[in-house]
Amino acid sequence: MQRTSRNGTSPKNWKNWTSGKRRLRSAAVVAVVAAAGLLGTAAPASAAAASPTAVCGSGYSVIDSHSLATPATIYLLYSAGTGKNCVVTIRDTAGTANFMEAWVTKTDGKRVIDTGQYTSYAGPVYISAAGTCVMWGGGYSKVSWTSDWGHCG
């Protein structure tokens with residue numbers, strides 16, 4: 001029995017012709033699997049929310065937070081080692097750039113603020129506040145919040 005291709009012609013070297021088709025199919029399968037793997041890992045990484053302690057750095061601990069009516073939270077952190085406060089406003093999930101801000105003020109009037117169009121978080125902003133009180137806050141889109149004076153130390 002003579003083998004023929006789909007168009008009715010018979011290749012001169014059937015074994016090489018069929019193994020070449022298998023190699024092409026195998027390469028296509030590998031390419032599809034590789035692309036699916038890249039897509040599967042890219043989405044969760046971009047959607048992951050930032051951690052306030054990772055944003056502010058080593059030695060900082062969350063001492064207060066305030067959830068906004070939008071999908072974002074403002075965090076106040078403190079480092080006993082440095083005597084500094086850190087404020088960061090973090091979206092629940094990263095997305096397209098949107099207006100965000102984070103700020104902190106101490107009783108002598110010194111204020112540090114970060115404001116702009118961000119995809120994940122605004123800040124961190126730091127202020128040396130050992131022995132004084134702070135007022136802190138932030139915003140996302142058109143919603144903002146400011147604390148009362150507190151966290152005196």
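Derivation of every value follows stated rules applied to the coordinates shown; laboratory data play no part. Only a predicted model underlies this, so the values are computations on that prediction, with no experimental measurement involved. Ideal geometry is used to build each Cβ from the backbone, glycine not excepted, and the neighbour counts take in all protein chains shown.
Using each residue's phi in the range 113-119, evaluate 6.51 cos²θ - 1.76 cosθ + 1.60 at θ = phi - 60° and report the 3J(HN,Hα) Karplus result to the nearest Hz, with x for Gly and Pro.
After applying 6.51 cos²θ - 1.76 cosθ + 1.60, I find 9, 10, 9, x, 9, 10, 8 Hz.
FRET efficiency for C133 and A50, Cβ-Cβ distance as r, R0 = 35 Å, nearest 0.05?
Once rounded, the FRET efficiency stands at 0.85.
Of the options S128, A49, S67, report the single residue whose Cα projects farthest towards the positive end of the charge dipole of the range 44-153 (beta-carbon charges: Lys, Arg +1; Asp, Glu -1).
S128
Using the Karplus equation 6.51 cos²θ - 1.76 cosθ + 1.60 (θ = phi - 60°), what ³J(HN,Hα) coupling, rounded to whole Hz, does each residue of the range 73-80 give in order, writing x for Gly and Pro?
9, 9, 10, 10, 10, 9, 10, 5
How big is the dipole moment of the range 42-153 about its Cα centre under a simple scheme where the beta carbon of each Lys and Arg is +1, that of each Asp and Glu is -1, and everything else is neutral? Debye, nearest 20, please.
Dipole about the Cα centre, nearest 20: 120 debye.
If you place +1 on the Cβ of every Lys and Arg and -1 on the Cβ of every Asp and Glu, how big does the dipole about the Cα centre of the range 94-153 come out, in debye to the nearest 20?
Once rounded to the nearest 20, the dipole reads 40 debye.
Starting from the Cα of D92, step 7 Å along the direction of its Cβ; do the same at I63; then give the gap between the two resulting points in nm.
2.8 nm
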